[in-house]
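Structure, as structure tokens:
The values are calculated or read from the model by the stated rules, or taken from the named source; none is laboratory data. Because the structure is a prediction, the values reported are computed rather than measured. All Cβ positions, even for glycine, are placed from backbone atoms using ideal geometry, and neighbour counts span all protein chains on display.
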Amino acid sequence: MDRLVSYIIHTLIQVNEDARWYLEQGYIGGNKSKAIRQRVERLSTELRPHLEVLVRYWWMALGFHGTTLPPPLPNRDYLIKCVNRK
């Protein structure tokens, strides 16, 4: 996955998780908060079928490749829960 896309997804998820604070501070309005939440949900839905591949690439980036066996993949339900955190 392109690094820029990763940063955008991460940023949207963080803003979504802290939306109440951003709303209280006046950084975003209600419509923007709703749009961010909808975008995170749409991206989560698009990425869901690719979770196992993304996790494998992530482990490879951390150095778990070649002769080193990566840890077993987490339960699929756990991965989906992590992507859909609210």
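When the residues of region 8-66 are narrowed to those that are of a type in the set (G, A, S) and not in a helix (DSSP H, G or I), which ends up farthest from N84 (Cα to Cα)? Here the answer is G66.
Against the conditions (1) modelled with pLDDT under 85; (2) on the phi > 0 side of the Ramachandran plot, I8 satisfies every one except (2). Within region 74-86, residues that are of a type outside the set (K, R) have Cβ atoms under 8 Å from residues that are modelled with pLDDT under 70 in these pairs: L79/L73, counting only partners at least 6 apart in sequence or on another chain. Out of all the residues in region 60-78, is one or more at pLDDT 75 or above and surrounded by 12 or more Cβ atoms within 10 Å (Cβ to Cβ)? Looking for residues that are at pLDDT 75 or above and surrounded by 12 or more Cβ atoms within 10 Å (Cβ to Cβ), one finds at least one in region 60-78, hence yes. Pairs are defined by a Cβ separation below 8 Å, a sequence spacing of at least 6 or placement on different chains, a first member in region 50-69 that is within 15 Å of S6 (Cα to Cα), and a second member that is at pLDDT 75 or above and surrounded by 11 or more Cβ atoms within 10 Å (Cβ to Cβ); the pairs so defined are L54/L47.
Could we say that R37 is surrounded by 13 or more Cβ atoms within 10 Å (Cβ to Cβ), more than 11 Å from the chain's Cα centre (by Cα) and at pLDDT 80 or above here?
Numbers: surrounded by 13 or more Cβ atoms within 10 Å (Cβ to Cβ): yes; more than 11 Å from the chain's Cα centre (by Cα): yes; at pLDDT 80 or above: yes.
Spelling it out, R37 is indeed surrounded by 13 or more Cβ atoms within 10 Å (Cβ to Cβ), more than 11 Å from the chain's Cα centre (by Cα) and at pLDDT 80 or above.
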